[in-house]
Structure formats: structure tokens, C-alpha cells
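Colleague: Shown below is the structure under consideration.
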Amino acid sequence: MMKLTREEKLMLDGKFGKSVKKAIEILIALGKIYNAERMVRIGSAQISGISYKNIGDAGIEFLEEFLSDAKVRVKATINPCGMDTEKWKSLKISNKFAEKQFRIINLFKKIGVGIDCSCTPYLIGNKPGFNEHIAWSESSAIVYANSVLGARTNRESGISALAAAITGRTPMYGYHLDENRRANFLINVKCKLESISDFAALGYIVGNKIGNNIPYFRGIERVDGDKLKALGASMAASGAIALYHIENITPEAKIKNMLRSEFREITIESIDDAYIKLNSTRDREIDLVAIGCPHLSINEIEYIANLLKDKKVVTKLWLMTSRKTMELAMKRNLIERIVRSGAEVISDTCLLVMPIENLKIKTIATNSGKLSFYLPSYCNIDVRFGSIEKCIRSALTGVWGD
Ligand code: F3S
């Protein structure tokens, strides 16, 4: 039985209203499943399951009922929704879809959730500190927060993250506890990794090999946040990995031994196999080039804007990012350069949660391991996977070069 504080008991008794009561009931049930002894206070929540495409009318009804008298107790943000909230018409989103999507967003807004719809909240103001307990539910953001920032979150569902936002708590188990944060797989990386897509390819291989275990990488020397973002997103997709360590690089691995006394060892000699597997087709015709899964950082946007300078795309090119990052890029005149090339910057959404079938797309080119992993099965769309440079080249020439 979980030990509850006085305030948590009052929540359960309904003293703080219906929504809080329901939320703490959900968290207690979750805690029981995982044998949590108590709740822990959290610094922030990040909530997925926002797109009308995914949750439908039943989801809206559930949220209206659940959130009837709710207010969040901690900083909370939401994941990408089903459309760009400003240019949805030009993306062939129907009025009905848009009306339902705005209804969902407004439900969150009303209870105090920040409505920047993004899977990279840590780039735009929801950035937890080292050792901070949080409750996040976007898989790529979870693995980034745990590994790169050293914060502590389990892989929450949209509902449990929302319940955590409303109560300011989450059950204390799993990755919140020191003893569950050490790695049980040593990954010796023997090959050279250069581009962001190389890190996505490595993530795909490791996730496939070790499932939802914790890898400890040895042999990665030079890396930046964008590469770590891609590595984690890929591993979270192919293997449900929520935490990784890199020797001398990630914060916990810098200060103590994060490898268990007993571990299994894998050596990665090459990432070529991932480049073969993540290309679901040999087709050279591309309908859409999409870069920004997870959402692009300002550095990535700047890099792409430079690649596009004074050039024109012949294939549709979408750059996906958060609205705040897009606004920052606008101030730096990067958006102007991108738009002049014929490319588009899309905010608030992502290809997996948009009603993309309206666009009649057969093949997408991307540098994202996560998107390449999911698009064929989720959306029945083929993928060409390669570096940013190769993706941009295909947008400029109209074909995927081998
Ligand atoms: Fe983000 Fe969507 Fe990719 S939520 S990580 S852009 S699949």
C-alpha cells in the first residue's frame, strides 16, 4: 500500500475537487502496479495524446469530463497536435478537424497548460534540472530529459502525465530511483559517427538489439545536443529506451560509475545496416522531404537555411519545429531565407499525428530514425533515410541520389 501524505489523502477524499480526486486515483493505481511506496513531487509535466487524429471524439469527451474543475499545479506543456495552428488550411486540414483540434487545445489552455505543441519542450522553456523529478510522456523527450539533462521520469502515458500535472506528483518508482538508473548494457562504438542521421542510425541499431534496457556508450567522443536528440528518439522508437549514458559526456556518467557490476557487452562496428533497413524503398522519386523529428532546434534551422541559400527546391520540403523556435528563427531572418527557397516551416505538429493521408504522399525523405521507423507501418508511407545534406539535395534535384 502506498504511503500518502496528508495533502494526498485530502486529494483522494475529494477536498480539492473532482479532477484532482480522479487524478490521484489514477496515480495511486499506477503506483500499486509498480509497487511504489510513495508519491514524489514533480517539477514539470509534458503531455502527449493531443492530436484529434489520435484521440478522436471519445478522447475529447474523456478530457472534458476529467478536466471539468482541474488546474495544473506545476509547469506543464503539450506534445505536437494534429495541425499547424496557423496554416492548417493550406495543409488541407478540414474545418471539422481544425474545430475539434482547437477544442482539445483550449481544454488544456483552460487548466493552465502551456500550449506550445512540441516534442522538444526542453528547447523552449520547459527544461528540467539535474535530478529533478518530472512526469513526461513523449518518448523522445523522456529519453532526452533522463539522459542529457539528468532529470528523472518514467515513460508516462498522456493520461498519467496529465494526472501528474493536476496533482503535482507522480508515483516514486522506476527511473525516479537511483538503483534503476545504472546501465545493464555496455555498447562499444567502434565506427565513426558524423552526421545527425549517423546518431539516429546508431540509435536504431541499439534499440533493436537491447529493447527497453539501459545502454552505456563507450567510444563516442564528439557530440552535440542535436545528435543526442536524434540518438535518443531513434532508440526510444526501436527499443522503448528511456535512459542512456555516454562515458564522459552525459551528466550522470560524468560524476559516477553508471554501469552495473553485471552487464552485457555489444560492439558496434558499423551503422551501414541501419541505413539499409531504415530505407523502406529503393524508389528515387520523393513526394515530400521532411526534416524535424524531433522538432528542429535553432541551430539545425540555421544550418538548413544556409544549405538553402539562393537555391530553389523542386520537391516539397517541410521543416518541422516548435512555434517558439520558428519565431526565434524569424527574428534571425532564417525563415525568410528558407521560404524564399520554396521550403515551408511547419509548427505545432508532426507527420505522425497529422491527417497526412489527405496529402496523398507515397514516399518521404527524412534524416529522422524515429520517423523512418514509424511512417511505413503507421501511415503506409515509404521512406528514404539519409543525412540532412542528402535530404536537402533531393529537395533541390527532385530525386534521391545513391
Ligand atoms: Fe516529435 Fe512527432 Fe517525431 S512527436 S519526435 S516530430 S514523431
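Quick note: the coordinates plus some simple rules give every number you see, no bench work behind them. All figures in this text were calculated on a predicted structure; none of them were measured in a lab. Quick reminder, even Gly has a Cβ in these numbers, built from the backbone with ideal geometry, and neighbours come from all protein chains shown.
Colleague: Step by step: find N for the stretch 6-178, compute 2.2 N^0.38 Å, then divide the Cα radius of gyration by it. What's the final number? Show your work: numbers first, answer last.
Modeller: Numbers: Rg = 15.9 Å, N = 173, 2.2 N^0.38 = 15.6 Å.
Cα Rg divided by the expected 2.2 N^0.38 Å: 1.02.
Colleague: What is the order of His245, His176, His295, fewest Cβ neighbours within 10 Å to most? Please list the in-between numbers first.
Modeller: Details: His245 26, His176 19, His295 31.
If I rank by nearby Cβ atoms, fewest first, I get His176, His245, His295.
Colleague: If you don't mind, another one. Can you work out the base-10 log of I(q)/I(0) for the chain at q = 0.08, 0.10, 0.11, 0.13 1/Å, using the Debye formula on its C-alpha atoms alone?
Modeller: -0.42, -0.66, -0.80, -1.10
Colleague: Which pairs, out of Lys209/Lys254; Lys89/Lys209; Lys109/Lys316; Lys109/Lys312, put more than 31 Å between their alpha-carbon atoms? Walk me through the intermediate numbers first.
Modeller: Numbers: Lys209/Lys254 25 Å; Lys89/Lys209 42 Å; Lys109/Lys316 33 Å; Lys109/Lys312 39 Å.
Flagged as over cut-off: Lys89/Lys209; Lys109/Lys316; Lys109/Lys312.
Colleague: Would you look at the GNM of the chain, springs on alpha carbons closer than 10 Å, and say which of Ile338, Ile26, Ile241 moves the most?
Modeller: Judging by the Gaussian network model, the answer is Ile26.
Colleague: Moving on to the next point. Which pairs break 24 Å Cα to Cα here: Lys100/Lys360; Lys87/Lys324; Lys15/Lys100? Kindly include the intermediate steps, with their values, before the conclusion.
Modeller: On the way: Lys100/Lys360 22 Å; Lys87/Lys324 15 Å; Lys15/Lys100 32 Å.
As for pairs spanning more than 24 Å Cα to Cα, those are Lys15/Lys100.
Colleague: For a footprinting-style exposure proxy, rank Thr170, Thr325, Thr397 by other Cβ within 10 Å, fewest first.
Modeller: Working: Thr170 30, Thr325 23, Thr397 13.
By the 10 Å Cβ count, ascending, the order reads Thr397, Thr325, Thr170.
Colleague: Here's a follow-up. So what is the calculated 222 nm ellipticity per residue for the chain, using -39500 (n - 2.57) for each DSSP H run with n of 4 or more, over all residues, to the nearest 500 deg cm²/dmol? Numbers along the way, then the final one.
Modeller: On the way: 15 runs with 162 residues, N = 402.
Only helices count here, giving -12000 deg cm²/dmol.
Colleague: Moving on to the next point. When the chain is treated as a GNM, springs tying every alpha-carbon pair under 10 Å, which of Tyr303, Tyr52, Tyr275 comes out with the largest mean-square fluctuation?
Modeller: Tyr303
Colleague: Give me Rg/Rg_expected for the stretch 165-290, where Rg uses Cα atoms only and Rg_expected = 2.2 N^0.38 Å with N residues. It would help to have the intermediate numbers written out before the result.
Modeller: Working: Rg = 16.1 Å, N = 126, 2.2 N^0.38 = 13.8 Å.
Ratio of Rg to 2.2 N^0.38 Å for the stretch 165-290: 1.17.
Colleague: Fewest Cβ neighbours within 10 Å first, please rank Phe217, Phe385 accordingly. Let's see the in-between values first.
Modeller: Values: Phe217 23, Phe385 28.
Sorted ascending by nearby Cβ count, the order is Phe217, Phe385.
Colleague: Starting from the Cα of Lys21, draw a straight line to each of the lysines and keep only those under 19 Å, dropping any in the same chain fewer than 8 residues away.
Modeller: Lys3, Lys9, Lys32, Lys71, Lys110
Colleague: Now a separate question. If you build a Gaussian network model of the chain, linking Cα atoms that sit under 10 Å apart, which residue out of Asn95, Asn79, Asn188 swings the most?
Modeller: In this elastic network of the chain, the residue with the biggest mean-square fluctuation among Asn95, Asn79, Asn188 is Asn95.
Colleague: Treating the Cα atoms of the stretch 310-350 as identical point scatterers in vacuum, please give the log10 of the normalised Debye intensity I(q)/I(0) at q = 0.15, 0.23, 0.25 Å⁻¹, two decimals.
Modeller: Taking Cα atoms of the stretch 310-350 as identical point scatterers yields -0.33, -0.73, -0.83.
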